[in-house]
Amino acid sequence: MLGDYRIAGRRASDIAASVEAGVGSGALPPGAVLPPMRELAGVLGVNPNTVAAAYRTLRERGVIETDGRRGSRVRARPASAPRDELRMAVPAGVRDIASGNPDVRLLPALDAALAEAARRYAQAPTLYGDDPVAPELAALARAGFDADGVPAGPVAVTSGALDGVERVLVAHLRPGDAVAVEDPGWGGVLDLVPALGLRALPMAVDDDGPVPDAVARALEAGARALIVTARAQNPTGAAVGEGRAAELRALLAGHPDVLVIGDDHAHGIVDVPLHTLGGVTRHWALIRSTAKAYGPDLRLAVLTGDAVTLDRLRGRQRLGAGWVSRLLQYAMVELWRSGAVDRAAVARAYAERRDGLVAALAERGVRAHGRSGMNVWVPVADETAVVTRLMGAGWAVAPGSRFRMEAGPGIRMTVSSLSAAEVPGLAAAVTAAVRPVGGGRFG
């Protein structure tokens, strides 16, 4: 089962450290099956509860995963190696459309907003005990949620979307619980779930978001939480439409105890309406990041949800980071109030680039997906071959392996910095590199 490697230790911490040492040295490769707890306890001469505690620690650290009767095994990739770090170096002269970053030319200047934040801080410095959320930011965020039909609820602020997702999951779930995730989906979530000791249940995705029968299977398999990207899904560009939202609400109505997390990271750069799933179940949250529209380095997201979820989130936040800097919050207030970003113009710019590439590929017989946002997904037969060929043709694209669990292979292209003049050349290079693959789903 483990080859020549021998797990050692008498205490749970020592046993866990022994397994981690084996993983780190390569003696326990990805997929290696660990001994059943009682068997290992007998070998080590310890109580089975000691081994159970060690395995629990390893799950929480993202070193191993447990799948019922199949037992525990070393994860395919440790949580310490996030997918975003598994990227190829882009040689000089190669166009990078793999990064997933917004177009810096469409981001607003921060000088005035930060100056205003500094002025306000000088008048009334933020001190311990102050409200963690600036009242003006809470009011503006709540007004935005109301305008999009998001159910009423308090407002919290986190350091970006993924920080919000993590805090909401931790507010309700415990290691071993199952979470339904989009497949293909955001690599950050696909890494975060097992890093928290949770089990990821993949949901197939099409242009309208999670496929209902895939969601139904995940719920029947015991999913305690469901994470859905509302618009500009990464990597496929999917957006949950009105009809799909109605289908998913009907499914969730039969599972009132499931936690529903909505990710609206693309608010401010999309021109499709929001169809939220919030409020169908007892516990829910909708997270709205400012990164894509105002700049990734702002590290700020606003979220709302049911009172219990937000109360738990804010309570745990107070014990850690405390709050997100009021300086950043004041800057965001100024950016929103001043209309620093012309949302319609930004959405139009991204749509023209995305739709232009999808259309150019369609003309060449290549099926591509990108209903909203800044990414285009192309199903392929062999990711490695296509990525390599495109690199040779002067284009660096992201391999689909960074975004999928059981979904078929593909490549992701970020169109944010593309010019109209570059689209034909890119479409020709992709056409030459791939064998057209059809299908409405991405899994």
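The values are calculated or read from the model by the stated rules, or taken from the named source; none is laboratory data. For clarity, every value in this text was computed on a predicted model and none was experimentally measured. All Cβ positions, even for glycine, are placed from backbone atoms using ideal geometry, and neighbour counts span all protein chains on display.
Is there a residue being at pLDDT 95 or above and touching a helix residue (DSSP H, G or I) at 6+ places or on another chain (Cβ under 6 Å) anywhere in the stretch 230-246? No, the conditions are met nowhere in the stretch 230-246.
Tell me, which residue of the stretch 27-55 that is part of a helix (DSSP H, G or I), of a type outside the set (A, V, I, L, M, F, W, C) and surrounded by fewer than 19 Cβ atoms within 10 Å (Cβ to Cβ) is farthest from the chain's Cα centre (by Cα)? Per the criteria, the residue is Gly42.
If you filter the stretch 202-214 down to residues that are surrounded by 24 or more Cβ atoms within 10 Å (Cβ to Cβ) and among the aliphatic types (A, V, I, L, M), you find that the one that is farthest from Leu313 (Cα to Cα) is Val205.
Being farther than 30 Å from Val380 by Cα, out of contact with any Gly (no Cβ under 8 Å at 6 or more places or on another chain), surrounded by 24 or more Cβ atoms within 10 Å (Cβ to Cβ) and aliphatic (A, V, I, L, M) holds for only one residue in Val170, Val157, and it is Val157.
Screening the candidates Thr281, Thr309, Thr304 for the property of being in contact with a Pro (Cβ under 7 Å, 6 or more places away or on another chain), of a type in the set (Ser, Thr, Tyr), outside any loop (DSSP other than H, G, I, E, B) and in contact (Cβ under 8 Å) with a residue 24 or more places away in the chain yields one hit, Thr304. Taken together, Val376, Val366 contain a single residue that is touching a strand residue (DSSP E or B) at 6+ places or on another chain (Cβ under 6 Å), of a type outside the set (Ser, Thr, Tyr) and not assigned by TED's automatic domain parsing to the domain that holds Leu300, which is Val376. Looking at the stretch 11-26, which of the residues that are under 29 Å from the mean Cα position of the chain (by Cα) and of a type in the set (Val, Ile, Thr) is farthest from Pro48 (Cα to Cα)? If we take residues in the stretch 11-26 being under 29 Å from the mean Cα position of the chain (by Cα) and of a type in the set (Val, Ile, Thr), then Val23 is farthest from Pro48 (Cα to Cα). If you go through the stretch 30-61 and keep only what is acidic (Asp, Glu) and in contact (Cβ under 8 Å) with a residue 24 or more places away in the chain, you end up with just Glu60. For the stretch 3-16, a residue qualifies if it is among the hydrophobic types (A, V, I, L, M, F, W, C) and crowded, with 17+ Cβ neighbours inside 10 Å, and the qualifying residues are Ile7, Ala12, Ile15, Ala16.
Against the criterion of being more than 21 Å from the chain's Cα centre (by Cα) and not in a helix (DSSP H, G or I), Gly322 qualifies. Taking each residue of the stretch 166-188 that is without any contact (Cβ under 8 Å) to a residue 40 or more places away in the chain and looking for partners that are part of a helix (DSSP H, G or I) and not acidic (Asp, Glu) with beta-carbon atoms closer than 7 Å, six or more apart or interchain, yields Glu166/Leu192. Taking the stretch 124-211 as the region of interest, the helices (runs of 4 or more DSSP H) fully inside it that hold 1 or more residues being modelled with pLDDT of 95 or more and over 26 Å from Ala238 (Cβ atoms) are 135-147, 161-172. When we screen Ala340, Ala420, Ala393 for residues that are closer than 23 Å to Gly93 by Cα, surrounded by fewer than 22 Cβ atoms within 10 Å (Cβ to Cβ), more than 24 Å from the chain's Cα centre (by Cα) and touching a residue at least 60 places away in the same chain (Cβ under 8 Å), the only hit is Ala420.
Residue-level check: of (1) of a type in the set (Gly, Ala, Ser); (2) surrounded by fewer than 17 Cβ atoms within 10 Å (Cβ to Cβ); (3) within 25 Å of the chain's Cα centre (by Cα), Gly425 misses just (3).
Checking every residue in the stretch 247-257 against the condition of being assigned to a loop (DSSP other than H, G, I, E, B) and under 30 Å from Leu110 (Cα atoms) gives zero matches.
Considering every residue within the stretch 60-70, establish whether at least one is at pLDDT 90 or above, in contact with a strand residue (DSSP E or B) (Cβ under 7 Å, 6 or more places away or on another chain) and either within 23 Å of Ile269 (Cβ to Cβ) or outside any loop (DSSP other than H, G, I, E, B) (or both). Within the stretch 60-70 (the criterion being at pLDDT 90 or above, in contact with a strand residue (DSSP E or B) (Cβ under 7 Å, 6 or more places away or on another chain) and either within 23 Å of Ile269 (Cβ to Cβ) or outside any loop (DSSP other than H, G, I, E, B) (or both)), the answer is no, since none of the residues qualifies. Do the conditions hold for Gly176, that is, is it touching a strand residue (DSSP E or B) at 6+ places or on another chain (Cβ under 8 Å) and under 30 Å from Arg56 (Cα atoms)? So Gly176 fits the description; yes. Anything in the stretch 139-154 that is touching a Gly at 6+ places or on another chain (Cβ under 9 Å), buried (at least 18 other Cβ atoms within 10 Å of the Cβ) and aliphatic (A, V, I, L, M)? List them, or say none. Scanning the stretch 139-154 gives a single hit, Val150.
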